[in-house]
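One structure below.
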Amino acid sequence: MAGVILRNLTKVFNKVVAVNNVNLEIRDSEFMVLVGPSGCGKTTALRMIAGLEEATSGEIIIGDRVVNDVSPKDRDIAMVFQNYALYPHMNVYDNMSFGLRLKRVPTNLPWPFNTRRAFSEEEIDRRVNEAAEMLGLKHLLQRKPKELSGGQRQRVALGRAIVREPKVFLMDEPLSNLDAKLRVQTRAELIKLHRRLGITTVYVTHDQVEAMTMGDRIAVMNNGVIQQCDTPLNLYNHPANLFVAGFIGSPAMNFVPATIVERNGELLVDAGSFQVTLPPEQAQKARSYVGKRCIWGIRPEDIYDKSLPGLVQPTPGNTITVDVDVVEPLGSDMEMYLKSNDISLIAMIDSASKAKVGGKLEIVFDMAKSHLFDPETEQAIY
Ligand code: ATP
């Protein structure tokens, strides 16, 4: 097994800086997710690790060697793509074993003189059978791809990567061709597989839910730059900046432009239409912003209906009255679009709420879970 280190890694296509001085240490056996919006550079970063794209500058280290000049096939990696082309005329067994059959013992002889196979038939058979067992494909080994479901085909593509017993798995949106149900199912299978094999994995997705459920750690990218790299929980609870705060979490965090004001020794977030009081711990961190503009953030799930028993004690400092604009029932919760004059908020409210569209609702903010950002630097103040 091996860790992967990206050191000052940059890729420029013509004038587009796709990956901009990225530094990332992926630990041995870690499941690292690269997540970000379309065009943020995650695929380019992955392709550089794979050796499919040459770095403009910087280093890629796999295990203990710099691999910038090592060809893809000698990097000890296996890739699984979104478009996992299986060979249509080969059955599952042959699709999985094909790569191993082609592999030759390293030698100085060029093709076609290099004819010594790297793996014996017995070794190939062992690996294919083990992978098929692990992926629940044993009964399908003789089938052709067209006789398989989408999920089964995806598992064959995974199997093809597993039989190579690589040091590192590189996966680029491998589940995006599957329907929603199968995607959730395969996601769980991939997590189990990773636990079992413990192979260092770099997984690219634009789907933050996928990132949150799969990653040991997540590197959030935007404009070719890693915005923050941390565990899913830390990203959710302590986003480093506005971009990460808005990207992680669904529905997205509410952002309210405000000013910090001091009254009777307390700090208030003055949003114009309403004022709320910062708890002591948050107030301490916001003290240097008194009289200044800021952006206050609150997640939809940290807003409660005052009339329902909630986790947060209502006080005048955390309670406001809003108009209910839209209510979307989701089962256990309702997604509510609320308005306080010109300020719009989205809240996830327990479906026991009696709130009605067009009516008023008293809501309570969990102020200890709120966030504050500097509007200039966009960095978190707390
Ligand atoms: P997506 O989720 O849409 O695949 P991504 O985050 O993986 O996006 P990349 O594919 O890495 O993004 O692309 C990053 C930037 O580099 C984009 O602006 C893209 O247009 C550009 N880019 C990628 N490949 C090339 C190329 N071969 N030539 C020129 N520009 C490229």
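The values are calculated or read from the model by the stated rules, or taken from the named source; none is laboratory data. Model, not experiment: these values are computed from the prediction. Note: ideal-geometry Cβ built from the backbone for every residue, glycine included; neighbour counts use all protein chains shown.
Yes or no, residue by residue, for (1) at pLDDT 95 or above; (2) within 15 Å of the ligand (Cβ to nearest atom); (3) out of contact with any Pro (no Cβ under 7 Å at 6 or more places or on another chain):
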site	(1), (2), (3)
V12	yes, yes, yes
K15	no, yes, yes
D28	yes, no, yes
S57	yes, no, yes
P72	no, no, yes
T107	no, no, yes
Count - residues of segment 235-293 that are β-branched (V, I, T), under 16 Å from the mean Cα position of the chain (by Cα) and not in a loop (DSSP other than H, G, I, E, B): 1
Subset of segment 53-95 (residues that are of a type in the set (A, V, I, L, M, F, W, C) and within 25 Å of the chain's Cα centre (by Cα)): A55, I60, I61, I62, I77, A78, M79, V80, F81, A85
Among residues of segment 35-53, those that are basic (K, R) and out of contact with any strand residue (DSSP E or B) (no Cβ under 7 Å at 6 or more places or on another chain), counted: 1
Qualifying position, being in contact with a strand residue (DSSP E or B) (Cβ under 8 Å, 6 or more places away or on another chain), within 16 Å of the ligand (Cβ to nearest atom) and not basic (K, R), among V209, V225, V168: V225
Count of residues meeting criterion [farther than 21 Å from M32 by Cβ and touching a strand residue (DSSP E or B) at 6+ places or on another chain (Cβ under 9 Å)] in segment 142-165: 2
Selected residue [basic (K, R), in a loop (DSSP other than H, G, I, E, B) and more than 22 Å from A380 (Cα to Cα)] from R155, R164, R196, R187: R164
Extreme residue, surrounded by the most Cβ atoms within 10 Å (Cβ to Cβ), among residues of segment 62-110 that are among the hydroxyl-bearing types (S, T, Y) and within 23 Å of S120 (Cβ to Cβ): S97
Selected residue [within 16 Å of N254 (Cβ to Cβ) and exposed (fewer than 14 other Cβ atoms within 10 Å of the Cβ)] from N341, N318: N341
Flag for L34 being more than 10 Å from the ligand (Cβ to nearest atom), touching a residue at least 40 places away in the same chain (Cβ under 8 Å), surrounded by 17 or more Cβ atoms within 10 Å (Cβ to Cβ) and closer than 20 Å to I199 by Cβ: no
Looking only at segment 171-182, and only at residues there that are more than 16 Å from the ligand (Cβ to nearest atom) and touching a residue at least 12 places away in the same chain (Cβ under 8 Å), the one that is surrounded by the most Cβ atoms within 10 Å (Cβ to Cβ): L178
Number of the condition not met by G39 [criteria: (1) buried (at least 17 other Cβ atoms within 10 Å of the Cβ); (2) at positive phi; (3) within 16 Å of the ligand (Cβ to nearest atom)]: (1)
Close pairs from segment 206-227: first farther than 21 Å from D28 by Cα and in a strand (DSSP E or B), partner small (G, A, S) and more than 13 Å from the ligand (Cβ to nearest atom), Cβ under 9 Å, at least 6 apart: Q227/A240
Among residues of segment 60-96, those that are touching a residue at least 60 places away in the same chain (Cβ under 8 Å) and of a type in the set (V, I, T), counted: 4
